[in-house]
Amino acid sequence: MAKARGNVFFDNDRCKGCELCTTVCPVDIITIDRNTINKKGYHPAHVTQPEKCIACGNCALVCPDLVITIERVA
Amino acid sequence: MSVVFEKTKGLTEKEFHYCPGCTHGIIHRLVAEVLEEMDLLGDAIGVAPVGCAVLAYDYFNCDMHEAAHGRAPAVATGVKRALPEKTVFAYQGDGDLASIGTAEIVHAAHRGENITVIFVNNAIYGMTGGQMAPTTMIGQRTTTSPFGRNAEQTGAPIRIAEMLATIEGASFIERTSVHNPVHIRKAKKAIRTAFECQQNRKGFSMVEVLSTCPTNWGMSPLASLGWVAENMIPYYPLGNFRNPDKEA
């Protein structure tokens with residue numbers, strides 16, 4: 001079976017930089033972007049290597065602020 | 001290409017006012033997702049509490065009602081009795097439900113009111129500035145217990161789920177947590193079962209959800225999740241305390 005692949009989208013301006021999503025990612029591709037400040041004044045979370053996403057949904061599940069949308073590719 | 005996860009229609013576009021990392025947002029979403037999946041959005045009436053979740057009526061995409069502090073189960077009782085075909089739920093925190101509203105929750109359960117209560121327990125009064133609640137852990141520092149809660153002076157934390165489970169009228173009582181993805185999935189399942197219980201006219205249902213308050217606990221959101229697992233779950237054991245299907 002081919003490995004699942006996902007597209008993950010972050011609605012940056014909703015993010016409050018709480019970091020909950022950064023620890024639940026099994027492929028460890030989510031970090032806080034210290035070089036960006038969003039509309040709310042937080043450093044938002046972002047995906048460093050989007051091609052590695054496996055569409056598990058853990059990040060969206062723990063996000064308290066509905067920042068994340070995930071699509072499964074194939 | 002299929003969508004694995006997107007914002008539920010059960011919530012409005014309004015962004016939550018909660019502090020960063022507050023698990024209220026997760027619990028709101030779980031309730032809204034269950035309502036959407038059960039096709040109840042046009043039919044549900046929620047009752048918001050006083051506390052951090054006082055503005056829940058802005059977030060849930062269904063009819064909402066606001067209640068005086070602690071009185072959500074009483075208001076929900078009235079709504080349900082006037083409109084028995086509607087799905088009625090109360091969403092309450094621990095300062096609301098376990099303190100000022102203890103009489104209302106105990107007697108709503110005692111009468112076996114066919115309503116669903118979501119009880120968010122984060123062991124502190126959040127909105128008013130982090131005062132000690134009846135659910136505050138022994139030794140926990142709050143603004144009104146700066147040296148830690150002392151059992152001799154203020155008693156031990158109250159276990160609401162266990163207490164309500166002794167009441168004959170309560171039909172579904174479960175305690176869950178949202179400190180990691182596994183438990184978030186379990187919490188959603190429990191919330192769904194509670195609403196199904198109401199649809200099947202089985203009587204009073206309550207899901208207690210252990211939650212965090214990073215701001216008033218004085219911790220980072222991540223440390224707060226760890227604190228739930230290490231300090232709250234040993235005292236507030238997770239699990240089902242009453243289930244109509246198991247007794248039958």
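The values are calculated or read from the model by the stated rules, or taken from the named source; none is laboratory data. For clarity, every value in this text was computed on a predicted model and none was experimentally measured. We place every Cβ from the backbone using ideal geometry, glycine too, and count neighbours over all the protein chains shown. These area figures cover heavy atoms from the full protein model, side chains too; ligands, DNA and RNA do not enter into them. Shrake-Rupley method; radii C 1.70, N 1.55, O 1.52, S 1.80 Å.
What to note about this one:
Residue-wise test of (1) within 25 Å of B:LYS186 (Cα to Cα); (2) of a type outside the set (A, V, I, L, M, F, W, C); (3) open to solvent by 30 Å² or more (accessible area, probe 1.4 Å); (4) in contact (Cβ under 8 Å) with a residue 40 or more places away in the chain.
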{"position": "A:ASP13", "(1), (2), (3), (4)": "no, yes, yes, no"}
{"position": "A:THR23", "(1), (2), (3), (4)": "yes, yes, yes, no"}
{"position": "A:THR48", "(1), (2), (3), (4)": "no, yes, yes, no"}
{"position": "A:CYS53", "(1), (2), (3), (4)": "yes, no, no, yes"}
{"position": "A:CYS56", "(1), (2), (3), (4)": "yes, no, yes, yes"}
{"position": "A:CYS59", "(1), (2), (3), (4)": "yes, no, no, yes"}
{"position": "A:VAL62", "(1), (2), (3), (4)": "yes, no, no, yes"}
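- Some residue of segment B:157-174 being touching a residue at least 40 places away in the same chain (Cβ under 8 Å), under 18 Å from A:CYS63 (Cα atoms) and open to solvent by less than 70 Å² (accessible area, probe 1.4 Å): no
- Taking the listed residues B:ALA103, B:ALA190, the one that is more than 26 Å from B:ARG29 (Cα to Cα), within 17 Å of the chain's Cα centre (by Cα) and not in a loop (DSSP other than H, G, I, E, B) is B:ALA103, with no other qualifying.
- Selection within segment B:7-33 - part of a helix (DSSP H, G or I) and basic (Lys, Arg): B:ARG29
- Residue selected from segment B:37-53 under the condition over 13 Å from the mean Cα position of the chain (by Cα) and among the hydrophobic types (A, V, I, L, M, F, W, C), by the criterion surrounded by the fewest Cβ atoms within 10 Å (Cβ to Cβ): B:MET38
- With respect to (1) under 25 Å from A:PHE10 (Cβ atoms); (2) out of contact with any Cys (no Cβ under 8 Å at 6 or more places or on another chain); (3) crowded, with 18+ Cβ neighbours inside 10 Å, the lone exception for B:PRO20 is condition (2).
- Within segment A:1-73, strands (runs of 3 or more DSSP E) holding 3 or more residues that are within 7 Å of chain B (Cβ to nearest Cβ): A:68-73
- The number of residues in segment B:106-116 being charged (D, E, K, R) and either part of a strand (DSSP E or B) or surrounded by fewer than 23 Cβ atoms within 10 Å (Cβ to Cβ) (or both) comes to 1.
- Screening B:GLY93 against (1) over 19 Å from B:TYR236 (Cβ atoms); (2) surrounded by 15 or more Cβ atoms within 10 Å (Cβ to Cβ) leaves a single unmet condition, (1).
- Residues in segment B:79-90 that are assigned to a helix (DSSP H, G or I) and either open to solvent by less than 40 Å² (accessible area, probe 1.4 Å) or touching a Lys or Arg at 6+ places or on another chain (Cβ under 9 Å) (or both): B:VAL79, B:LYS80.
- Tally of residues being closer than 16 Å to B:THR212 by Cβ, open to solvent by 20 Å² or more (accessible area, probe 1.4 Å) and not hydrophobic (A, V, I, L, M, F, W, C) across segment B:127-147: 1
- Evaluated against (1) without any contact (Cβ under 8 Å) to a residue 40 or more places away in the chain; (2) open to solvent by less than 10 Å² (accessible area, probe 1.4 Å), B:GLN153 falls short on exactly one condition, (2).
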